[in-house]
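S.K.: One structure is given below, represented as structure tokens, and several questions about it will come after.
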Amino acid sequence: MMVLVTYDVSTESNEGKKRLRRVAKECVNYGQRVQNSVFECLVDPAQFAQLKHSLCGIIDEEKDSLRFYYLGKNWKRRVEHFGAKEGYDPEGLLIT
Amino acid sequence: MRKLLNTLYVTTPESYLIRDGENVIVKVNGEERFRIPIHNIEGIVCFGYMGASPQLMRLCTDNNVGLSFLTPSGKFLARVHGRVRGNVLLRRTQYRTADNPETSLDIARGFIIGKVVNCRTVLGRGIRDHGEVVRCDRIRSADAMLIENLPGIDDCANADSLRGIEGNCAKFYFDVFDELILKQKDDFFLSERNRRPPLDNMNALLSFLYTLLAHDVESALETVGLDPYVGFFHTDRPGRPSLALDLMEELRPFLGDRLALNLVNLKQVTGSDFLKKENGAVIMTENGRKKVLAAWQKRKVDLITHPYLNEKIPVGLVPYVQAMVLARFLRGDIDGYPPFFMN
């Protein structure tokens, strides 16, 4: 399934900046960075549980926010892209 | 059933693969060109000279992702093999079975019956779909020869006579294979099967597809815990994945030959996708390889009903399913190895 992960991490303090980097790093492990704090993750339920668990462990719930959008299996018809930096389709032809 | 994941094809010769966290990164001239999480893929096929970092190799072996290196022209070079793991009991059974000429012969028969029947299907399809334009009499007589050889597979007393029958059948089949090429006859023809190196466009195309298939079959065997190097039909030779070659026999017509014919007959590849070198060897151009890889990848997600499991699966999982039923047979869960028959 495709899950869209977005976050807002407060960067007012140094701790915040550290959390931001850790959240981003964790998301990169699971999916494709489509915009600065937006990730498209093609994961199975177990992988998603891991991702969710580790992200929730990183953020500070007082200051940061985290949102998951479940796009399911037929995610392709739910996503449209305009403009620069179009991502790749992880289920399509991967050739570089 | 296992999920069919994607395969990453790296065709830029100057690319180097590294690891970052759980990501595979393709670098070209030191610059990041592509990045993907490892859990989204099940194989990496790399056509290049630069290679990959040991860290990336580790990431691949830890995640059961097959990593193969091919020359830019598609010749197989090497494959990264991780720690031996999986079921040692299954592997031992495989070795014992391979040491026993009789049971080996039994399994080998399955592979060859599958091959001959599937070759017949390819020929039959040619007659059925293009009866008006192909020389049916030639195809029919080749088909008749294949039918004639089928009982011999069951009756043969040893591996050598089975090899003889297999060779004959392959000859009858490839003798008329040219009849199935309907378009672009000036650029594509098959007067005989040749390889290492292939000497004409069609042979180059077939060899390239077989290399892709070999990568997938080897990964499939490893996934179920079998040793791809210990075969039942092909004899052991250092560096030769005999079992993968065994299993390929029955899958070639279905996954390789049919796709090659479609590519040519639908004009998806053309003569300009191939280059002839001074020594007569024919290689594919980078553009040609990209087209074939795209078609191969597309074919792999088509759904078919597997005749033995009676379950809908993507074509790309057929090697895996055959590896799985072979493992089940070796374990004694089923009475015989059911070859894959295409329809």
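S.K.: Go through (1) of a type outside the set (S, T, N, Q); (2) within 12 Å of chain A (Cβ to nearest Cβ); (3) closer than 28 Å to B:P319 by Cα; (4) in contact with a Lys or Arg (Cβ under 6 Å, 6 or more places away or on another chain) and name the single condition B:L8 misses.
M.R.: (4)
S.K.: Being over 29 Å from B:E278 (Cα atoms) and crowded, with 18+ Cβ neighbours inside 10 Å: is that true of B:L251 here?
M.R.: So B:L251 fits the description; yes.
S.K.: Something else now. Mind counting the residues in the range B:262-297 that are within 16 Å of B:F208 (Cα to Cα) and either within 12 Å of chain A (Cβ to nearest Cβ) or in contact with a strand residue (DSSP E or B) (Cβ under 8 Å, 6 or more places away or on another chain) (or both)?
M.R.: The qualifying residues number 20.
S.K.: Suppose we filter the range A:1-19 for residues that are buried (at least 18 other Cβ atoms within 10 Å of the Cβ) and within 22 Å of A:V43 (Cα to Cα); how many remain?
M.R.: Residues that pass the stated criteria total 5.
S.K.: Moving on. Can you confirm whether A:V34 is under 12 Å from the mean Cα position of the chain (by Cα), closer than 29 Å to B:K298 by Cβ, more than 11 Å from chain B (Cβ to nearest Cβ) and open to solvent by 20 Å² or more (accessible area, probe 1.4 Å)?
M.R.: It is true that A:V34 is under 12 Å from the mean Cα position of the chain (by Cα), closer than 29 Å to B:K298 by Cβ, more than 11 Å from chain B (Cβ to nearest Cβ) and open to solvent by 20 Å² or more (accessible area, probe 1.4 Å).
S.K.: OK, next. So, B:L212, is that one open to solvent by less than 10 Å² (accessible area, probe 1.4 Å) and either within 9 Å of the chain's Cα centre (by Cα) or among the aliphatic types (A, V, I, L, M) (or both) or not?
M.R.: yes
S.K.: Report yes if A:S54 is open to solvent by 40 Å² or more (accessible area, probe 1.4 Å), more than 11 Å from every other protein chain (Cβ to nearest Cβ), in contact with an Asp or Glu (Cβ under 6 Å, 6 or more places away or on another chain) and small (G, A, S), otherwise no.
M.R.: no
S.K.: Which count do you get for residues in the range B:193-221 that are touching a residue at least 12 places away in the same chain (Cβ under 8 Å) and within 22 Å of B:Y173 (Cα to Cα)?
M.R.: The total comes to 20.
S.K.: Taking the range B:44-82 as the search range and keeping residues that are in a strand (DSSP E or B) and touching a Cys at 6+ places or on another chain (Cβ under 8 Å), which one is surrounded by the fewest Cβ atoms within 10 Å (Cβ to Cβ)?
M.R.: The residue in question is B:V80.
S.K.: Looking only at residues that are among the β-branched types (V, I, T) and farther than 19 Å from B:N194 by Cβ in the range B:269-290, which one is surrounded by the fewest Cβ atoms within 10 Å (Cβ to Cβ)?
M.R.: Filtering first and then ranking leaves B:T285.
S.K.: Filter the range B:159-177 down to the residues that are of a type outside the set (A, V, I, L, M, F, W, C) and open to solvent by less than 40 Å² (accessible area, probe 1.4 Å) and list them by number.
M.R.: Across the range B:159-177, the qualifying residues are B:G164, B:E166, B:G167, B:Y173.
S.K.: Return a yes/no flag: does the range B:53-65 have any residue that is outside the structural domain of B:E222 (by TED's automatic domain parsing), under 18 Å from B:R2 (Cα atoms) and aliphatic (A, V, I, L, M).
M.R.: Looking for residues that are outside the structural domain of B:E222 (by TED's automatic domain parsing), under 18 Å from B:R2 (Cα atoms) and aliphatic (A, V, I, L, M), one finds at least one in the range B:53-65, hence yes.
S.K.: While we're on this one: Which condition from (1) more than 10 Å from every other protein chain (Cβ to nearest Cβ); (2) outside any strand (DSSP E or B); (3) within 23 Å of the chain's Cα centre (by Cα) is the one that B:K3 breaks?
M.R.: Exception for B:K3: condition (1).
S.K.: Say we look at the range B:11-43 and pick out the residues that are within 7 Å of chain A (Cβ to nearest Cβ), part of a loop (DSSP other than H, G, I, E, B) and closer than 24 Å to B:T211 by Cα; which of these is most open to solvent (accessible area, probe 1.4 Å)?
M.R.: By that ranking, first place goes to B:T12.
S.K.: Still on this structure, I have one more. Which residue, of B:E32, B:E42, B:E102, is among the acidic types (D, E), on the phi < 0 side of the Ramachandran plot and in contact (Cβ under 8 Å) with a residue 60 or more places away in the chain?
M.R.: Criteria check complete, one pass: B:E42.
The values are calculated or read from the model by the stated rules, or taken from the named source; none is laboratory data. Worth saying up front: this structure is predicted, and the values here are computed from it rather than measured. Cβ coordinates were reconstructed from backbone atoms using ideal geometry, including for glycine residues, and neighbour counts include every protein chain displayed. Protein only, heavy atoms only, side chains kept; ligands, DNA and RNA dropped before computing areas. Shrake-Rupley method; radii C 1.70, N 1.55, O 1.52, S 1.80 Å.
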